[in-house]
Amino acid sequence: MKAAFKLILRLIKWLIMIVIVVGIGAGSYAGYFLYQLNKELPQDLNELHQPNYALPTVVYDRHGNQIEEMFIHRRIVVPFENFPPHMIQALIASEDTRYFYHFGIDPVRMLKAFWVNVKAKRFVEGASTLTQQTARLFLLTKEKKLIRKLKEILLALRIERQFTKDEILTLYLNKVFLGNAEGVEASAQGYFGKHTEELSLSESALLVGLLPAPSLYSPLVNPALARERRDLVLRRMFEEGFITREERDASTREPIRLSKIYDSASGATAYYVEHVRKYLINKFGSETLYKGGLQVHLAMDLEYQLYAHEALQRGILDLSKRQGYRGAKERLKLNAQGELSQRDIHRFTHKNQLILGNVVQGIVTRVDKPFTRVSLGQEEGWLEWRHLRKWKVRKPGQHKNAIFIKKPSQILKVGDVVQVKLVDWDPSLSGFRLTLHQEPAVNGAVLSVDPNTGYVLAMSGGYQYEQSEFNRAIQAKRQPGSAFKPIVYAAALDAGYTLASVLVDSPRYYQANSKNIEEEAWTPKNYGNKLLGNVSLRTALVKSLNLPTIGLVEDLGPKRIIAYSRKLGISAEMENNLTIALGSFSATLEDMVMAFNVFANQGSLVEPIYITRIENRDGKVLEENTPVKKRVISQETAFLITEMMRDVVRSGTGQIAKRIERPSAGKTGTTNNSVDAWYIGYIPQLLTGVYAGFDQPTPMGKRETGAKAAAPVWVDFMKSVIGNLPTKRFVQPQGVATVKLHKSGRRAGPCDSEKNIYFEKFKRGTEPLASSSLAINCNSKKETPASTTTELEL
């Protein structure tokens with residue numbers, strides 16, 4: 001018995017020694033393991049001291065106005081002071097009640113969570129502190145492994161030694177994803193249309209409630225779950241003593257009101273911004289574009305951009321109305337009692353937002369001449385005949401001019417599903433006054449530049465970006481028609497022609513397969529089939545005569561015109577035949593505007609500049625674009641073309657441009673059957689081009705010329721923006737002389753009657769010489785000096 005007892009003691013002794021040895025070994029191994037694990041972790045925490053947040057690219061106009069942000073998940077970093085106290089309290093109550101008392105990890109909570117999970121035999125409660133979550137957000141992956149948890153604990157201990165509690169909360173709240181954005185500020189703007197400091201108690205609780213599963217609990221996706229989570233956070237805040245029972249109950253009763261900060265300029269800037277976005281993503285890649293925090297400064301002037309887009313929309317709507325009403329989207333059937341089903345009406349109107357200025361859907365319920373009644377769902381609206389009578393109608397498939405309606409029933413029937421604009425609320429009618437609306441089938445574009453620099457101050461590529469992303473300012477290649485003629489005439493001036501050169505406006509016929517016409521016989525005509533006989537070069541351009549222009553190209557040769565166009569920056573493919581005289585090739589609005597810019601810029605070519613500067617998040621300049629001028633034609637040629645295009649405005653096809661009430665030069669362009677319409681014009685400080693037409697080439701109507709379909713948009717825009725620009729005149733270069741001519745074309749003499757004299761401008765050295773016989777006094781009593789050049793101020 002005694003021997004057995006000694007054996008047991010010896011076994012216990014050895015067992016204790018084994019346990020001690022194993023414990024020492026395990027402890028040593030654990031210590032070594034933690035030591036090695038710690039070595040793998042970042043030592044300086046630079047990622048937290050200088051957080052490399054995924055920041056959006058921010059786009060500004062030339063005056064520093066923010067236009068757009070480009071991001072995958074939006075983030076706006078704000079300081080701790082911007083977070084309201086109830087936001088911090090909601091976060092503490094919901095995520096880490098002992099946050100201000102622990103040292104990065106919470107042993108008490110860890111033990112509690114361990115016991116709860118053991119009893120449940122599954123993972124039901126976590127123990128990560130806000131510090132641990134911050135470490136995970138910035139420094140670790142999302143993998144669910146024990147090794148990551150250990151790293152998280154080690155990092156949390158280190159973070160607590162290097163950062164204050166407020167600094168850790170700032171890092172966390174600017175980083176965390178909340179369903180619609182990253183960081184509380186961007187999320188608050190996205191959900192509530194508010195900045196962080198403006199959030200109510202209820203709204204702060206809702207945001208915090210999203211943290212466990214932001215996408216699932218998002219009020220945009222699941223408002224009921226979002227409300228449950230908000231109420232849970234409010235209850236926890238009450239239990240922790242942060243709010244009173246009354247505050248909890250009041251906030252619980254508060255409905256969730258979602259809104260967002262609306263950027264009214266986004267629709268107007270969309271085409272310009274998208275053009276820039278494509279460039280940025282090609283140069284920097286998507287990672288840098290959407291997360292790198294680039295600062296992009298554009299040549300755009302936001303005020304000009306807004307006016308350009310509004311002018312284009314008004315012009316396109318007017319053009320669409322002239323083309324005629326295309327009919328209702330759908331017509332509802334009447335029931336057996338001859339009435340409309342309320343269910344059908346609700347189906348088309350339940351999404352209406354009845355706010356003045358909005359375009360909504362309505363159902364025609366009565367058609368009459370004083371008023372046509374339209375059901376808007378819960379409200380009624382009225383279309384007045386005085387507005388309806390301005391609409392036209394055209395038979396389907398016909399391209400002839402539409403005709404004005406004589407009664408509402410020509411375009412409206414009971415049951416028609418129509419679009420209407422809410423103009424006003426009229427108590428006497430107990431409903432809204434409406435105007436009939438039709439989304440245009442036709443479209444267009446506007447491009448406006450500073451002639452001296454090439455800065456693109458405004459660019460709108462269509463009526464509405466949401467309907468069509470196709471950018472008609474830079475992607476649509478359409479025939480410029482007569483808008484190309486100034487380039488032909490510039491080539492003629494450089495080939496020795498003058499503004500007084502005589503051209504012949506007479507019929508022309510070209511056989512098929514001739515030297516200059518390859519496809520079929522061609523009998524070109526002037527617009528309106530008019531013939532003027534002998535005309536000056538100036539008159540031919542001012543009146544946009546086709547036949548004399550073709551004669552010029554025939555004389556100069558198509559190859560010379562093509563080469564000249566290349567000098568002015570037009571890269572479009574051109575056929576080597578006479579039809580290019582009439583702009584028969586396809587070019588973009590940008591191409592044509594920048595070619596005209598050579599004339600406006602006294603003969604110098606500049607490239608269009610959309611982006612002036614790009615900086616990284618630290619302000620380092622990555623790209624800077626400054627104007628580079630290249631002299632491509634003489635100042636004299638540029639001025640003389642401008643001078644002729646001033647006459648286009650004074651007495652030619654561009655007379656509507658006189659409405660801006662200051663000197664301007666411009667040229668209309670219209671292709672066969674009015675398929676495309678153009679107007680490009682300028683004052684010394686601003687050049688603007690307008691294009692209108694269908695995306696699929698289709699006649700717009702017999703009288704829809706550049707002067708009617710495009711020029712009014714130009715006038716609308718220019719009148720809006722030139723108010724702050726001083727009135728300037730086009731400066732006549734010293735190399736241009738103003739000379740008195742007799743109407744016969746010779747140099748005027750002292751004996752010529754004033755009624756037979758006019759002034760013309762010439763490059764010095766090309767003006768007609770004075771005849772010696774004209775230098776004699778009319779009474780032959782004494783000789784007078786030969787006529788000299790007369791300079792006129794423009």
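The values are calculated or read from the model by the stated rules, or taken from the named source; none is laboratory data. Remember, it's a predicted structure, so these values are computed and weren't measured experimentally. Note that each Cβ is placed from the backbone with ideal geometry, even for glycine, and that neighbours are counted across all protein chains shown. Each accessible area value is taken on the protein alone, full model and side chains, heavy atoms only, with ligands, DNA and RNA left out. Shrake-Rupley method; radii C 1.70, N 1.55, O 1.52, S 1.80 Å.
Counting only DSSP beta bridges with both residues in the chain, tell me the antiparallel percent, nearest 5. Of all bridge pairs located within the chain, approximately 90 percent are antiparallel.
Assuming charge only on the beta carbon of Lys and Arg (+1) and of Asp and Glu (-1), the dipole of the range 284-371 about its Cα centre is about 600 debye to the nearest 20. Counting only protein heavy atoms and a probe of 1.4 Å, the accessible surface of the range 355-496 is 49% carbon and sulfur. Each peptide in 573-581, 93-101 receives the mean, over its residues, of other Cβ atoms within 10 Å, and ordering these scores from highest gives 573-581, 93-101. Of the residues ILE363, ILE403, GLY444, the one whose Cα sits farthest toward the positive end of the charge dipole of the range 313-460, with +1 on the Cβ of Lys and Arg and -1 on the Cβ of Asp and Glu, is ILE403. Structure note, pairs LYS321/LYS667; LYS567/LYS728; LYS175/LYS291; LYS743/LYS763; LYS321/LYS658: Cα-Cα distances above 23 angstrom occur for LYS321/LYS667; LYS567/LYS728; LYS321/LYS658. Sorting the segments 210-220, 698-708, 473-483 by their residues' average number of neighbouring beta-carbon atoms within 10 angstrom, most packed first, yields 473-483, 698-708, 210-220. With a Förster radius of 25 Å applied to the beta-carbon distance between LEU140 and THR97, the computed FRET efficiency rounds to 0.60.
Which value, in debye to the nearest 20, describes the size of the charge dipole of the chain about its Cα centre when Lys and Arg Cβ atoms bear +1, Asp and Glu Cβ atoms bear -1, and nothing else is charged?
1540
Which of ILE487, THR705, GLN50 sits closest to the plus end of the dipole of the chain, meaning its Cα is farthest towards the positive end, when Lys and Arg get +1 and Asp and Glu get -1 on the C-beta? Looking along the dipole axis, the top candidate is THR705. Rg/Rh for the chain (Cα atoms only, Rh after Kirkwood) is 1.16.
Peptide packing for 299-306, 287-294 was compared via the average number of neighbouring C-beta atoms within 10 Å per residue; ordered from the highest value, the list is 299-306, 287-294. Projecting the Cα positions of LEU207, GLY528, SER744 onto the charge dipole of the chain (unit charges on Cβ atoms of Lys, Arg, Asp and Glu, taken about the Cα centre) puts GLY528 furthest along the positive direction. Label sites at LYS407 and SER753, each approximated as a point 7 angstrom past Cα along Cα to Cβ, lie 6.1 nm apart. Here the range 287-429 is assigned +1 on the Cβ of each Lys and Arg and -1 on the Cβ of each Asp and Glu. Its dipole about the Cα centre then comes out at about 1060 debye.
Seen against the Cα atoms of the chain and their longest principal axis, helix 635-651 is set at about 80 degrees.
Per-atom-type breakdown for the range 183-302 gives carbon and sulfur 51% of the accessible area (1.4 Å probe, protein chains only).
Spin-label model, GLN467/GLU573: points 7 Å from Cα along the beta carbon direction are separated by 3.1 nm. With the helix formula -39500 (n - 2.57) applied to DSSP H stretches of n ≥ 4, the chain reaches a computed 222 nm mean residue ellipticity of -11500 deg cm²/dmol. Shape call for the range 367-450 from the C-alpha gyration tensor, a ≥ b ≥ c root eigenvalues: rounded (a/c under 1.5), prolate (a/b greater than b/c) or oblate? Taking the square roots of the gyration eigenvalues as a ≥ b ≥ c, the range 367-450 is oblate.
Relative to one another, the C-alpha centroids of the range 516-573 and the range 277-353 are positioned 40 Å apart.
Whole number in Å², please: accessible area per residue of the chain, 1.4 Å probe, ligands, DNA and RNA not counted.
The answer is 50 Å² per residue.
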